[in-house]
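Each value in this text was obtained by applying a stated rule to the coordinates, not by laboratory testing. Remember, predicted model here, so these are calculated numbers, not experimental data. So basically every Cβ, Gly included, is an ideal-geometry build from the backbone, and we count neighbours across all protein chains shown.
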Amino acid sequence: MLGRIALAEGKTEEAIEHLFLAADTPGSPQLDSFGPNLALAYDLLKEGESKAVIEYLEQTIHFWANEDNPVHKRNLKKIRHWQMQIRDGQLPDFGANMVY
């Protein structure tokens, strides 16, 4: 939420810092299964910050798509697909990851 506020105030670099801080978590049963809320990442993409969002998605792998996670392959495939879309200049549909 702090990152979205910073972005709304025009503080893009601060918003990116908050995005990366959000990835600095050991995870939880909920994060490990459903993944993070990607609203800030989506907002940053709309501002042209694709490099930061691609890196953030990479950082989420340690909790969302790690080898200990039983749905690792599905989550990793989702992350890689979104990264590819972003590299191709598309705005991914983050689906449910925009809601919770």
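Would you please put 36-47, 63-74 in order of how densely packed they are, using the mean number of other Cβ atoms within 10 angstrom per residue and starting with the highest?
Working: 36-47: 19.5, 63-74: 14.3.
Going by the mean number of other Cβ atoms within 10 Å, highest first, we get 36-47, 63-74.
With mean projected area of the Cα convex hull in nm² in mind, check [x] 6.1; [y] 5.7; [z] 7.7 and report the label derived from this structure.
Derived directly from the coordinates: [y].
Would you work out the charge dipole size for the chain about its Cα centre, treating the Cβ of every Lys and Arg as +1 and the Cβ of every Asp and Glu as -1, and quote it to the nearest 20 debye?
On the way: 10 positive and 15 negative charges, 92 e Å.
Dipole size: approximately 440 debye.
Sticking with the crude label model, points 7 Å out along Cα→Cβ, report the distance from Val99 to Glu14 in nm, one decimal please.
3.2 nm
Could you tell me the relative contact order of the chain? Use alpha-carbon pairs under 8 Å, at least six residues apart, and round to a whole percent. Intermediate results must be reported in sequence, preceding the final value.
Details: 97 pairs, mean separation 29.1, N = 100.
Reported relative contact order: 29 percent.
Please compute the modelled spin-label separation between Val71 and Gln85, points set 7 Å along Cα→Cβ, answer in nm with one decimal.
1.7 nm
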